[in-house]
Amino acid sequence: MQRVIVCFLAIGCLFSCGNAGVLAAGESLEQLVRDLGSSKSDVRWKAADKLADQGPKAAAAASALIKALGSSDMQLRWRAARAVGAMGSKAAAAAKALVALLSDDDPLVREYATDALGRVGVVNDQVLEALAKAITDKDYHVRAEAVGALNSLELDPRKRISLVVKVLNDAEPSVIAPALNTIAENAKAGSPALIKALQDPKSRYWGCLVASEMGPRAKHAVNALREAAKDQFPEIRMEALLALGSIGPDARAALPTIISALDDESGAVHYAAMYALGQIGDASSAAAIQKKLGSKDPMLAALSAWALARVTPNDAVARKRAVKILTRALDAEDPTVRAGAARALADFPTEAIQSAESIAAHLADKNPSVVANAIDTLATLGEPIVPVLVEALDNPDRRMAAIAVLERLGPKAKDAAVPLVKTVGNSDDAAVRQETGFALAAIGPAAAPAVDELVKLLDDPDSKVVHAACYALGKIGPAAKKAAPRLKEDLHCDDQFLELSCAWALLKIQPNNAEIIQQAVPQLIEALSGLQELGRMEAAVALGEIGPAAKSVAKALRKAEGDPSPAVRKAASAALKKIGVK
């Protein structure tokens, strides 16, 4: 519950909608209102966009836009929501319709509606409850907008906190972690709201979780967390200790409390205490840690070995001992122990390389957490791990996880390019073909031997595989020039995202080709106002990479600087700079 607190009081996430525009000659608000009801979709969309550019000046069109919010045309719904939000308080009458859109099937519609509610500024129970619920939306951008909207409304902080706490308490477990992550990501460091949350028994648990997500940024809360680590409830003590560990060295003041917790009657609590000591890394805790090395509890023994090596980083014996114990723990019956060991080994890459094959064996573990941690650890080992991963490509049970590691290694996995091509050629699994494309993209120019196979994937029946192949060819760059003729074939097709992918790839492969620039720019300009955030961002990046030759698109890029997505806004600004427009 308190996780929420931090968010709302500490975050400022309002997105700007850009400057109010000027109507073209012959246009009027009345005409734009009529166009909103046109039978032609492009006319409706352009009308909504122009009204959005007018901001509060388009207040007379509010009623028509409210009607458009209920349209069966998804693109018109999100564009109308954007226009309503641009009007601010002058569109207060739209609040009810915007609340209804928070249940829309399309995430872009929900995102703009959520943002608009924050801008319109209506404060009533219906709006507040809907925004609080949006904190648990499955889409990150909707969650972030909800946090920003709640933070922007004039509301008693206690009311805001209680709303979010109630939503989190009633939410499905699967949505709680993403919601808390979003809140923490948008929280301001040093917020007194976090300390208040930790001091209140009703919100302490959520406060600990938010502090964990904030990590070092929550260092101002160490004293409050130290007190929370003495709470009567073990789950709160555990979360407080984990939060102190996430803060790291700046949590040294809490060492006496943490060391005392090593003898806590709850196993989960003393595990958390040992984790915290290892994360803080202070040598003064070595003696206390060493006392637990001989524990009969396999989890505590493994954690102790890891923590001791962490607090005495120059002790080669401690590091080798830790790797030996952790490698043995990979075969523990308890999947939690296996997952923890796989993750902990990442802290000792030099020594862990000797255990690479043992770690790789767990890429096929039945427990997803073990697999995920094994991937993380192997990715820290660098080029020496590539031969082990190439061997794993031949094992169907390890293949996908091995590809994931190779993607993480990027250019360091250049020696795996040819084996990856072989994997693509022999696989009937679309997911394998797609992920192989991404791995080759991560390797970059060194993956040139894969070009022929990637060109074949442009005819794959699965569109996701085709997009991955385009991405890989673009990342390979000029070395993929033999793919250009085939990419040009899809430069004008029914799939807008494929058009964008091909345009982007061609510009990467032949960046100075005037013909390609002429063909690709229209697709990229159109993509700047598309539905997918990634597509809008990539379009802006691609236009910037064209350089001065793209000066004609400055107007479109300036408009993109008012995009609701920070990533798109940043990409548009960077592109304008690259093409020489101030």
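How far, in degrees from 0 to 90, does helix 204-214 lean away from the longest principal axis of the Cα atoms of the chain, to the nearest 10?
In the chain, helix 204-214 runs at an angle near 80 degrees to the longest axis.
Based on Cβ point charges of +1 for Lys and Arg and -1 for Asp and Glu, what charge dipole magnitude is obtained for the stretch 511-582 about its Cα centre, in debye rounded to the nearest 20?
On the way: 10 positive and 7 negative charges, 84 e Å.
Taking the Cα centre of the stretch 511-582 as origin, the dipole is about 400 debye.
Be a star and scan the stretch 96-114 for residues whose amide nitrogen sits under 16 Å from the point 7 Å along the Cα-to-Cβ vector of residue 171.
The answer is 103, 111, whose backbone nitrogens lie closer than 16 Å to the label point.
Students often get this wrong, so check it: of 133/230; 414/464; 456/508, which have C-alpha atoms separated by over 21 Å?
Listed pairs above 21 Å: 133/230; 414/464.
Taking square-rooted eigenvalues a ≥ b ≥ c of the alpha carbon gyration tensor, is the stretch 392-484 rounded, prolate or oblate, where a/c under 1.5 means rounded and, failing that, a/b exceeding b/c means prolate?
Oblate.
Loop-only trypsin sites (Lys or Arg not before Pro) in the stretch 287-360, please: DSSP not H, G, I, E or B, and at most 14 other Cβ atoms within 10 Å. Intermediate results must be reported in sequence, preceding the final value.
Values: sites: 291, 292, 296, 310, 319, 320, 321, 324, 328, 338, 343; in loops: 291, 292, 296.
Passing both the DSSP loop test and the Cβ count: 291, 296.
At 222 nm, what helix-only mean residue ellipticity would the chain give, in deg cm²/dmol to the nearest 500, using -39500 (n - 2.57) for each DSSP H run of four or more?
Taking each H run of at least 4 residues, the total per residue is -19500 deg cm²/dmol.
Can you match log10 I(q)/I(0) by the Debye sum over Cα atoms at q = 0.05, 0.12 Å⁻¹ to one of these, (i) -0.32, -1.13; (ii) -0.27, -1.27; (iii) -0.24, -1.19, based on a calculation from the structure here?
(ii)
Once the Cα atoms of helix 234-247 and of the chain are each reduced to a long axis, what angle between those two axes, in degrees from 0 to 90 to the nearest 10, is obtained?
70
What is the distance, in nm, between label points placed 7 Å from the Cα along the Cα-to-Cβ direction at residue 554 and at residue 463?
3.6
Kindly identify the stretch 152-307 as rounded, prolate or oblate by the Cα gyration tensor criterion: order the square roots of the eigenvalues as a ≥ b ≥ c, call it rounded if a/c is under 1.5, otherwise compare a/b with b/c, prolate if a/b is larger, else oblate.
prolate
Going through the stretch 80-170, which trypsin sites (Lys or Arg not before Pro) have at most 12 other Cβ atoms within 10 Å and a DSSP loop state?
Details: sites: 82, 90, 96, 110, 119, 133, 138, 143, 158, 159, 160, 166; in loops: 138.
Filter output for the stretch 80-170: 138.
Compute the convex hull volume of the Cα atoms of the stretch 448-488, divide it by the residue count, and report the result per residue in Å³ as a whole number.
Cα-based convex hull of the stretch 448-488, divided per residue, equals 55 Å³.
Rounded if a/c is under 1.5, else prolate if a/b is larger than b/c, else oblate: which is the stretch 81-232, with a ≥ b ≥ c the root eigenvalues of its Cα gyration tensor?
Because a/c hits 1.5 or more and a/b exceeds b/c, the stretch 81-232 counts as prolate.
Under a straight-distance cross-link criterion of Cα-Cα below 16 Å, which lysines are reachable from residue 412, leaving out those fewer than 8 residues away in the same chain?
By straight Cα distance, residue 412 reaches 475.
Pull up the cross-link candidates among the aspartates and glutamates for residue 488, meaning alpha carbon to alpha carbon under 18 Å and not fewer than 8 places away within one chain.
The reachable aspartates and glutamates, counting only those whose Cα sits under 18 Å from residue 488, are 452, 453, 459, 460, 499, 515, 526.
Return the lysines within reach of residue 292: Cα separation strictly under 20 angstrom, same-chain partners fewer than 8 residues apart disregarded; answer none if there are no such residues.
320, 324
What's the longest bit of the chain with no exposed GluC sites (Glu not before Pro), using DSSP loop states and at most 13 other Cβ atoms within 10 Å as the test?
Result for the longest clean stretch: 334-582.
Read-outs throughout are calculated quantities, based only on the coordinates presented, and are distinct from any laboratory measurement. Keep in mind it's a predicted model, so treat the numbers as computed, not measured. Heads up, the Cβs are rebuilt from the backbone with ideal geometry, glycines too, and the neighbour counts pull from every protein chain shown.
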